[in-house]
């Protein structure tokens, strides 16, 4: 039986990958020490998801290990080395704002942690496929230089602009403001590419747009749609940071992303880089997302606006999936934006006691 090692295995993408590859006949080894709770507080804990995985997948093996701890990692990789076919690295510190509070921790997790996992893979299972969840933040605020126009509900490009369908991998990552989070992820991204090109390993960087789904432990600092719906059903106040609430993101469901991982696994291309996201058809502005959450939940969102945007944040980002689609034409997205938000809402019962608006109306 092939073995998949998955870091961040109780998080949004990690847990989706655990379930997906267990169903594909893999023996799954999860590595997750619930640092999301350290980053964002008790409401962001992924322990509930970890326990659910252990209950639903009887042969799932979980390790409470820190990816910065090479001694613990070495023991895990030594134990399973002969059978590891796949390494999926989703563990990360994911917030612009949090990274500025503890830069050494951010870089240690995002950059050094990734280097540790690359080395473990190279030493103990060099033929395994190594999949890294990078981010569109490696482009820094370069997308903000695009000639955006202001519409009633969103910022947008003219239809004749080359990037109107979405941003592809040709965009430069240089000479732009990334935030410390974006810089640490860019360092990890380059390391993953280098291990593919220098050592010939089967590595890939998936530069994601907004990754979302019902298993997201969303908080104010990370987890856009999940946290938005959490505020909607609990009655908590949501804060919009800058850009008039018209900032645009494309959103990809965690299942569709992990399915892209699977297509790459079956036919890997060493050292590759792919932009991956929901694309134009699954894009929305903050204001449009609020309207959708209100329509689906039947509740009125409470929100305030702060004129100061987050440092390094994008005004407009839509992904062009064209390169990945051309390499893997059998891959298709199965969740559109509304279906994704409906699924997040259907899984929102655990939030309903969190705030004053406890009687959520179902439609």
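Distance between Cα centroids, the range 244-316 to the range 192-210: provide it in whole Å. With the range 244-316 and the range 192-210 each reduced to a Cα centre, they are spaced 22 Å.
Below 8 Å between Cα atoms, with a sequence gap of 6+, how large is the relative contact order for the chain in percent?
On the way: 776 pairs, mean separation 67.7, N = 363.
After rounding, I find 19 percent.
From the largest down, the range 38-174 spans 55, 37, 34 angstrom on the principal axes of its Cα atoms.
Take every Cα pair under 8 Å whose residues are at least 6 apart in sequence, average their separation, divide by the length of the range 52-195, and the relative contact order is 30 percent. Helix 179-199 and the longest principal axis of the Cα set of the chain meet at an angle near 30°.
Semi-axes of the equivalent ellipsoid of the range 170-275: what are they in whole Å, largest first, if each equals the square root of 5 times a C-alpha gyration tensor eigenvalue?
Numbers: eigenvalues 191, 69, 24 Å².
Those come to 31, 19, 11 Å.
Nearest 500 deg cm²/dmol is fine: what mean residue ellipticity at 222 nm does the chain get from its DSSP H runs of n ≥ 4 alone, each adding -39,500 (n - 2.57), divided by its residue count?
On the way: 13 runs with 135 residues, N = 363.
The helix-only estimate for the chain comes to -11000 deg cm²/dmol at 222 nm.
Once divided by 2.2 N^0.38 Å, the Cα radius of gyration of the range 269-311 becomes 1.77.
Taken together, the values in this text are just the output of simple stated rules run on the coordinates, not laboratory data. Here the structure is a predicted model, which means the values were calculated and not measured.
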